[in-house]
Every structure is written in C-alpha cells, then in structure tokens.
Amino acid sequence: MMCPFCRHEDTSVIDSRASQQFVIRRRRKCLDCERRFTTYEKIEESPLKVVKKDGTRVPFQREKIKMGLEKACYKRPISDEMIENVISEIEANLYEQFDREVPSREIGEKAMEALRHLDHVAFVRFASVYREFKDVNDFVEELQPILREDAQR
C-alpha cells in the first residue's frame with residue numbers, strides 16, 4: 001500500500017476490523033514518514049445489473065436507493081445511520097438472492113418492506129411514488145393492512 005503523504009510503498013497494518021458488511025477497515029502506518037492513515041477494503045463481486053420495467057439493464061447503484069429512502073424519510077425521526085443500515089441490508093439481500101440481474105421491482109419491494117417496519121409515514125410516501133398512486137383510494141388500500149396491524153396491537 002502506498003502512503004498517501006510521502007508516496008513510500010512500504011506500510012504496516014496497525015489494526016484491522018470489520019466495519020460494514022463485506023468491508024474491512026485497516027489502520028496503517030508508513031514505514032518512511034511514520035504517518036498513519038486508514039484504508040477500507042471491499043470485496044469485489046461481479047457487478048449486479050438492475051432490469052428496469054422497460055427491459056433495459058443498468059448497473060446497480062446503492063445511491064439510488066439512498067436518494068429514494070431519504071426523500072421518503074424527509075423530516076421524519078429517522079437517522080442517516082438507520083437509512084444506511086436499511087440500504088446495507090437490502091444490498092446484502094440482493095447479492096445473496098441474485099447472481100447477475102435483479103428486477104427493479106424486487107428492490108422497490110424490499111425498500112417498502114423495510115420502511116413499513118421503520119416508519120409508516122415514510123412507507124406511505126415511498127409507496128405513493130413507487131406504486132404510482134393515482135388517487136386517495138390507492139392510499140387507503142395501502143394503509144388498510146397497517147391500520148389492521150395497529151388495531152390488533
């Protein structure tokens with residue numbers, strides 16, 4: 001590993017630990033200038049392609065999930081860490097279930113299911129865009145199961 005400060009090629013690993021799923025965080029020390037820095041190693045997997053509604057295939061981008069979840073969770077009591085956990089869970093699940101291609105519908109359903117348990121308002125916001133609600137009846141249909149669950153508690 002090359003030192004980012006002096007460009008010397010010899011460094012030693014001081015500490016290694018797992019951070020997020022499939023990511024290893026390493027503290028390193030340059031053997032020349034003795035400065036310390038952190039590197040993150042992620043397992044390189046075959047890239048997952050998302051099959052869109054129209055049949056086109058695009059590379060999987062966790063940032064797209066993040067943008068959708070952040071919009072749904074806007075002004076809700078949901079931390080960035082909670083959103084990151086949901087995204088990591090969805091991503092790990094997708095790589096576990098699919099080899100090369102995943103339907104976009106599958107990603108949306110997983111995001112909705114996670115939001116259903118996280119925050120009902122964020123869930124309805126996400127569902128209204130994802131399922132393309134046309135009128136109030138669509139909202140009512142989506143809310144019926146949630147209202148029944150809450151009534152049983």
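Bear in mind that the values in this text are calculations on the coordinates, not laboratory data. Fair warning: this is a prediction, and the values are worked out from it, not measured in the lab. Don't worry about glycine lacking a Cβ; one is built from the backbone with ideal geometry, like all the others, and counts go over all protein chains shown.
Here the condition is being exposed (fewer than 14 other Cβ atoms within 10 Å of the Cβ) and among the charged types (D, E, K, R); of Asp150, Asp119, Asp138, it holds for Asp150 alone. When each of Cys30, Cys6, Cys73 is tested for being touching a Leu at 6+ places or on another chain (Cβ under 9 Å) and surrounded by 11 or more Cβ atoms within 10 Å (Cβ to Cβ), the lone residue that passes is Cys73. Number of residues in the range 77-88 that are surrounded by 14 or more Cβ atoms within 10 Å (Cβ to Cβ) and over 14 Å from the mean Cα position of the chain (by Cα) equals 1.
Does Val50 satisfy the condition of being part of a strand (DSSP E or B) and loosely packed, with under 12 Cβ neighbours inside 10 Å? No. Inspect the range 32-52 for any residue being within 30 Å of Val124 (Cβ to Cβ) and small (Gly, Ala, Ser) and give the result as yes or no. There is no residue in the range 32-52 that is within 30 Å of Val124 (Cβ to Cβ) and small (Gly, Ala, Ser).
Selection of the range 13-54 for residues being under 23 Å from the mean Cα position of the chain (by Cα) and on the phi > 0 side of the Ramachandran plot yields only Phe22. What residue, of Gln97, Gln61, is over 23 Å from Phe123 (Cα atoms) and loosely packed, with under 13 Cβ neighbours inside 10 Å? After ruling out the rest, the residue left standing is Gln97.
Please work out which residue is farthest from Pro4 (Cα to Cα), limiting yourself to the range 17-27 and to residues that are assigned to a strand (DSSP E or B) and either of a type in the set (Phe, Trp, Tyr) or in contact with an Asp or Glu (Cβ under 9 Å, 6 or more places away or on another chain) (or both). The selected residue is Val23.
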